[in-house]
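The values are calculated or read from the model by the stated rules, or taken from the named source; none is laboratory data. These numbers were taken from a predicted model, which means no experiment stands behind them. So basically every Cβ, Gly included, is an ideal-geometry build from the backbone, and we count neighbours across all protein chains shown.
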Amino acid sequence: MTVVGLDDTDSRERGMCTTYVAATIARALQREGASVSRLLLVRLNPAVEYKTRGNAALAIHTDASPAVAFNLAREHLSDLAETADERTHPGLVVTGDDPDAVPDEIAAFTTDAIRDHLEIADARELCTRHDYQTWHVGDGRGRIGALAAIGAWNARSEWTYEHISYREPERWGTPREVDTESVFTAAESAYPTVWDTVDRSEYDPVCVPHTPGPILHGIRGDDAEAVRTVAEHIESEPVASSQLFVTNQGTDAHLRDARDESLDTAQDGYAYRLEGRVATEPETRRGGHVFVTLEDVVDGEDTATTAGADTGDDRSRLECAAFEPTKRFRDHVRALRVGDRLTACGEVSTGTLKLEKFAVRDLIDTERVTPLCPDCERTMKSAGRNQGYRCRDCGTTAPGKREVPLERTLDVGWYEVPPCARRHIAKPLVRGGFDGPTHPER
Ligand code: ATP
């Protein structure tokens, strides 16, 4: 077997897409009489600054000889890659190793490429040591993704599918003609095996991209046959070609588990799963972005039950945000109260965790309010520092605030951003496997 890894072929302005380059190479290999057992679409660290859009890298598993595969792939890459864009740095890496037999250190490189930041030299050194054939243009940054794609089959065990349909080349850059109604009908028929095809509340066919590239639509799900069937039921302009990809999309592979660590572990450029206690009331700021601050939960601390109960110490805090494009997800964040216990997931950027999903672990169920006068039922006033409350008209007094039941609109369990705001790698709740009840968005 031979594994061909490639990355970094597209440009934000000019279009193109590495999935298309990989599909083209796969077809060329088949024309040469080789068989192609699968194409992998691997999403790498979404926080990487060099990415064009979704930080995708591709691998082709074929029985062509490494030499034939390398030459064909190089030909197509130099032909198709948008190297006129100086930020495009294609990379190609080829190995004669079986995909299952790729060494562990290459698989470890893949895991790092998904969760960490790597240097071009790291990829170069590994390729030399393992005698992998490489080719690149520009600074060859694409070799990082190309090598990560080679290690992916051994690094990951959870896989999903995407069936991508491509446009006729003469239509690239023009508005896509896709019948939205047919997308919704097809999506409904295969949900939840097929997910993130549409956003029902926004009436958005999210499987149809808006970028200038060759993709007409991409249908994602847990079953290869089901994604193909949904794609076939979509009415649209002619489909020039299509390709099935095995992917790590929808798996949360990017999240580092830091649930047992302090919130001050969180660093810019990484994505986490973290535990915290809501420390501030949620705040909607200009632009409709909603912010809430979490603080560390201290070991052995009792479950907080009362809103507004300040811990009063200087434990670590982390600001979390639900930005405007996350739409109705912001209502769940706005419904949080000081004292709620959460698991929060997302990428940290400039000190703020951009929420992708969160689990409510404990909801506070009472709040402390200023007492009412038992005679006139008006709110009492403070009688001075540490002196309780009194009613100026009736002269009644109360020693302090009183606790009242708090109406909550949130339930315990997982909440997520809607499909229209989902990152490629983020796991939709409907896929299951979460440690608690889920409230999936569709
Ligand atoms: P394309 O469709 O071309 O693949 P993209 O959004 O996936 O677009 P790329 O153009 O591939 O983005 O750019 C990402 C670049 O960052 C690639 O050169 C890739 O090798 C590199 N890269 C990916 N992951 C990492 C990482 N963890 N650390 C450093 N560089 C990375």
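Please state which one of Asp79, Asp98 is exposed (fewer than 15 other Cβ atoms within 10 Å of the Cβ) and either within 19 Å of Ser37 (Cα to Cα) or within 11 Å of the ligand (Cβ to nearest atom) (or both). So the residue among Asp79, Asp98 that is exposed (fewer than 15 other Cβ atoms within 10 Å of the Cβ) and either within 19 Å of Ser37 (Cα to Cα) or within 11 Å of the ligand (Cβ to nearest atom) (or both) is Asp98. Looking at segment 258-289, which of its residues are assigned to a strand (DSSP E or B), within 19 Å of the chain's Cα centre (by Cα) and without any contact (Cβ under 8 Å) to a residue 60 or more places away in the chain? Selection gives His289 alone. Taking segment 55-74 as the search range and keeping residues that are of a type in the set (Val, Ile, Thr) and more than 16 Å from the ligand (Cβ to nearest atom), which one is nearest to Leu147 (Cα to Cα)? Restricting to residues being of a type in the set (Val, Ile, Thr) and more than 16 Å from the ligand (Cβ to nearest atom), the top hit is Thr62. Taking the stated definitions as given, is Val21 crowded, with 23+ Cβ neighbours inside 10 Å, under 26 Å from the mean Cα position of the chain (by Cα) and not in a strand (DSSP E or B)? Against the criterion (crowded, with 23+ Cβ neighbours inside 10 Å, under 26 Å from the mean Cα position of the chain (by Cα) and not in a strand (DSSP E or B)), Val21 qualifies.
Of the residues making up segment 121-144, those that are at pLDDT 95 or above and within 8 Å of the ligand (Cβ to nearest atom) number 3. Taking segment 95-130 as the range and being touching a Ser or Thr at 6+ places or on another chain (Cβ under 9 Å) and free of Cβ contacts under 8 Å to residues at least 24 places away in the same chain as the test, the residues that pass are Arg124, Thr128. Condition first: more than 19 Å from the chain's Cα centre (by Cα), outside any strand (DSSP E or B) and not hydrophobic (A, V, I, L, M, F, W, C). Can you find one or more residues in segment 347-366 that meet it? Checked against the condition, which is being more than 19 Å from the chain's Cα centre (by Cα), outside any strand (DSSP E or B) and not hydrophobic (A, V, I, L, M, F, W, C), segment 347-366 yields at least one hit. When Thr193 is tested against (1) modelled with pLDDT of 95 or more; (2) surrounded by 19 or more Cβ atoms within 10 Å (Cβ to Cβ), exactly one condition is not met: (2). If you filter segment 24-62 down to residues that are over 24 Å from the mean Cα position of the chain (by Cα) and free of Cβ contacts under 8 Å to residues at least 12 places away in the same chain, you find that the one that is surrounded by the most Cβ atoms within 10 Å (Cβ to Cβ) is Gln30. For segment 13-55, residues that are of a type in the set (D, E, K, R) and in contact with a helix residue (DSSP H, G or I) (Cβ under 7 Å, 6 or more places away or on another chain) total 1. Only a single criterion out of (1) of a type in the set (D, E, K, R); (2) more than 9 Å from the ligand (Cβ to nearest atom); (3) in contact with a helix residue (DSSP H, G or I) (Cβ under 9 Å, 6 or more places away or on another chain) is not satisfied by Asp10, namely (2). Scanning segment 392-424 for residues that are touching an Asp or Glu at 6+ places or on another chain (Cβ under 7 Å) and either closer than 30 Å to Thr197 by Cα or surrounded by 20 or more Cβ atoms within 10 Å (Cβ to Cβ) (or both) returns Glu416, Val417, Pro418, Pro419, Cys420, Arg422, Arg423.
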